[in-house]
Amino acid sequence: MVKVAIVYWSGSGNTEAMAQAVEEGAKSAGAETTLTFVSDTNAADTAEFDHIVLGCPAMGNEELEEYEFEPFFAELLPKLKGKVVGIFGSYAWNQGDWILTWKKRLEDAGVELVAEPVKAYSYPDDEALEACKELGKTVANA
Ligand SMILES: Cc1cc2nc3c(=O)[nH]c(=O)nc-3n(C[C@H](O)[C@H](O)[C@H](O)COP(=O)(O)O)c2cc1C
């Protein structure tokens, strides 16, 4: 059975709701899942998985959350090549540029995303939650 790790950071719950929808999608595709707040895991444990979905909202100035998610991601990034990877997150102040920068960091490290990043404005609406479920399914089926 495919095992999908979903690791996220969320300050006010918006990205967490997305993470739960990603998990629902992956489960519906028959995958075994782990859904973990980033501070409850680490890069080494996450890298044990071949199917990984990462969630983080836009923080700082179009950046990943700097204290917990960024150090985790920086350590994980060199271990992601060849894996099935997806990313998602919520934003509210600007246009969502942080996820483009995040995607580029992955591509520059030779990591090919299995699907386009999923972003949601503030709390994910039905369309965004559906996109998160699709992301979970795609990662599980890849
Ligand atoms: C400290 C801080 C910095 C933020 N920086 C940005 C930003 O650069 N761009 C943006 O679009 N939204 C920014 N936001 C808004 C959050 O991305 C938005 O509220 C998001 O929905 C929070 O997701 P969460 O509920 O998962 O924490 C920021 C919010 C906070 C609290």
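The values are calculated or read from the model by the stated rules, or taken from the named source; none is laboratory data. Just so it is clear, the structure is predicted and the values come from calculations on it, not from any experiment. We place every Cβ from the backbone using ideal geometry, glycine too, and count neighbours over all the protein chains shown.
Listed values, structure above:
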quantity: Residue within region 39-60 that is surrounded by 15 or more Cβ atoms within 10 Å (Cβ to Cβ), among the charged types (D, E, K, R) and part of a helix (DSSP H, G or I) present; calculated: no
quantity: In region 77-94, the residues that are hydrophobic (A, V, I, L, M, F, W, C) and surrounded by fewer than 20 Cβ atoms within 10 Å (Cβ to Cβ); calculated: Leu77, Ala92, Trp93
quantity: Count of residues meeting criterion [out of contact with any helix residue (DSSP H, G or I) (no Cβ under 7 Å at 6 or more places or on another chain), buried (at least 17 other Cβ atoms within 10 Å of the Cβ) and within 23 Å of Asn94 (Cβ to Cβ)] in region 107-116; calculated: 0
quantity: Search result, residues across region 50-98 that are free of Cβ contacts under 8 Å to residues at least 12 places away in the same chain, within 13 Å of the ligand (Cβ to nearest atom) and not acidic (Asp, Glu); calculated: Gly60, Asn61, Tyr67, Gln95
quantity: Residue within region 52-59 that is touching a Pro at 6+ places or on another chain (Cβ under 9 Å), under 12 Å from Gly136 (Cα atoms) and modelled with pLDDT of 95 or more present; calculated: no
quantity: Single match in Lys137, Lys119 (criterion: surrounded by 15 or more Cβ atoms within 10 Å (Cβ to Cβ) and assigned to a helix (DSSP H, G or I)); calculated: Lys137
